[in-house]
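Report on the structure given below.
Where a number appears in this text, it was derived from the coordinates with a stated rule and is not lab data. Predicted model, so just to flag it, every value in this text is computed and none were measured. We place every Cβ from the backbone using ideal geometry, glycine too, and count neighbours over all the protein chains shown.
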Amino acid sequence: MSYVDEVLAAVKMKNAHEPEFLQAVTEVLESIRAVVDANEEKYRKVALLERLVEPDRIITFRVPWTDDKGEVHVQRGYRVQFNNAIGPYKGGLRFHPSVYQGILKFLGFEQVFKNALTTLPIGGGKGGSDFDPHGKSDAEVMRFCQAFMTELYKYVGADIDVPAGDIGVGGREVGYLFGQYKRITNSYEGMLTGKGLTFGGSLIRTQATGYGLLYHTEEILRLNGQKLEGATCVVSGAGNVAIYAIEKAQQLGAKVVTCSDSTGWIYDPDGIDVAVLKEVKEVMRARLTEYKAARPNAEYHEGKGVWTVKCDYAFPCATQNELDIEDAKALAANGCKGVFEGANMPTTLEATTYIQKNGMLFTPGKASNAGGVATSALEMSQNSERLSWSAEEVDAKLKSIMYGIADTIASAAERYGMKGNYVAGANIAGFEKVAEAMIAQGVY
Ligand code: NDP
Ligand code: 2IT
């Protein structure tokens, strides 16, 4: 049996109850087969793959918090410190009722390769809780964040592990988490990113994942003789990534006609009004029915449906496995020419294969959504030198990193005879860097 198949079989046996983690590992190991085969002896000798698929450690803890009525609730908190071969653990915190160890292991594993692709010195980690921020008051969210950090502070630090936001964790939550860390440790350090601009945050971090996704797309389209200008696009999600992806797509001359949240979706034939969307989601924290109320020409539909809308390019920006084989077929039937992942693993393995086989461009989240964590690393640099850079400077660095990632994954795929297979290109390029660092540092 090949080394990849042996390790995959063991991973499947040991993690049978974590389907998302198995999905992420399967995608990576399958696509680095050629590299592993060419270096089998070297990698086997140090059990490289076995170490790569096992997190350095997983911390889980109890998070008790009190609601506004005085009732006490208990949530689970986690931090998965996956791999620090190339820098301190780095990756977001997710607060969502679906969070369990398997989701955070998949996200932490993806983060290792994504962070390697940024070219910046950051390892991979992820954390979060099954806490649901929907419908909670600010005071409840604050008490939850304080309780969460009261345990997490023991394991994080500017040179150890630097969390940030993800689903359900934005500027408000990062602020409360940072405040509690500072209070408990009596120190002021950049141990979190996505901070407010008055206390060490970086300009452009809020926009970075969405903007970065579009810079990346621009470059991939350029390599393939296509362009965004004049294109019709569909976006899913209505959170941090989706909002700034829509904003940048429109700045680059595309028309975005959809967005969605966990209860329904919007089709706006005139193009999504980003100012209205920001008001509904960032200020009111309301449902998309409020968007429809403000834009009578738009349609609101319950449930899922974004991928049935005719488009040139599609950007899944909500959550994992939101684009399945039926959705991929609908996109193909409607003439869609490319899918660029803003979320982490939003496309199922089956849908990814279908998209690639049907001549559409496809880039995986670990490459196309890396702008968020890259800008987090720029925030860490600014914190370390106790300076802050202008928006223009950060945006220029973000753009150059995203163009660079597009070029890197394109050339890695070509090097192994898989031109245009950006999934393979991203996994190979990320893996090569992490593997070299792990081998150089000895068995641990
Ligand atoms: P937000 O919490 O800001 O927004 C998430 C959006 O997706 C919301 O519109 C939410 O709807 C919707 N959503 C979440 N879960 C589901 C679900 N199970 N079914 C349907 N819709 C859902 O998160 P982000 O925008 O930050 O994250 C979106 C994706 O991008 C995630 O996969 C995340 O891991 C990834 N990502 C985020 C980065 C960042 O910097 N924030 C960086 C790189 C990747 P509702 O409001 O109804 O819950
Ligand atoms: O998935 C991701 O890359 C993020 N949620 C951002 C992580 C970060 O540390 O900025």
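Data table
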read-out	value
Whole-angstrom gap from the range 357-425 to the range 222-288, using each part's C-alpha centre	21 Å
Environment charge at Leu197 (Cβ cut-off 12 Å; Lys +1, Arg +1, Asp -1, Glu -1)	+1
Dimensionless Rg over Rh [the range 302-444; C-alpha; Kirkwood]	1.04
Calculated from backbone phi, Karplus (6.51, -1.76, 1.60) coupling profile of the range 203-215 in Hz, x at Gly/Pro	4, 6, 4, 4, 7, 4, 5, x, 4, x, 4, 6, 4
Residue exposure sequence - Cys233, Cys336 - by fewest surrounding Cβ within 10 Å	Cys336, Cys233
Selection from Asn115, Gln251, Ala440 lying farthest towards where the dipole of the chain points positive, charges on Cβ	Ala440
Residue exposure sequence - Phe61, Phe113 - by fewest surrounding Cβ within 10 Å	Phe61, Phe113
Within the range 255-406, percent of DSSP bridges classed antiparallel, to nearest 5	55 percent
Sorted by Cβ density within 10 Å, fewest first, the residues Val394, Val169	Val394, Val169
10 Å binning of all Cα-Cα separations within the range 199-337, expressed as whole percents from 0 upward	12, 44, 35, 8, 1
Over the chain, relative contact order from alpha-carbon pairs under 8 Å, at least 6 apart, %	15 percent
For the range 1-94, alpha-carbon Rg over 2.2 N^0.38 Å	1.46
Inter-centroid distance (Cα atoms) of the range 115-140 relative to the range 40-89, Å	12 Å
Alpha-carbon spread of the chain, three principal axes, descending order, Å	62, 55, 43
For the range 136-193, diffusion coefficient by Stokes-Einstein and Kirkwood Rh (Cα), 4 °C, 1.567 mPa s, µm²/s	114 µm²/s
Cα-based Rg of the range 43-161 normalised by 2.2 N^0.38 Å, two decimals	1.18
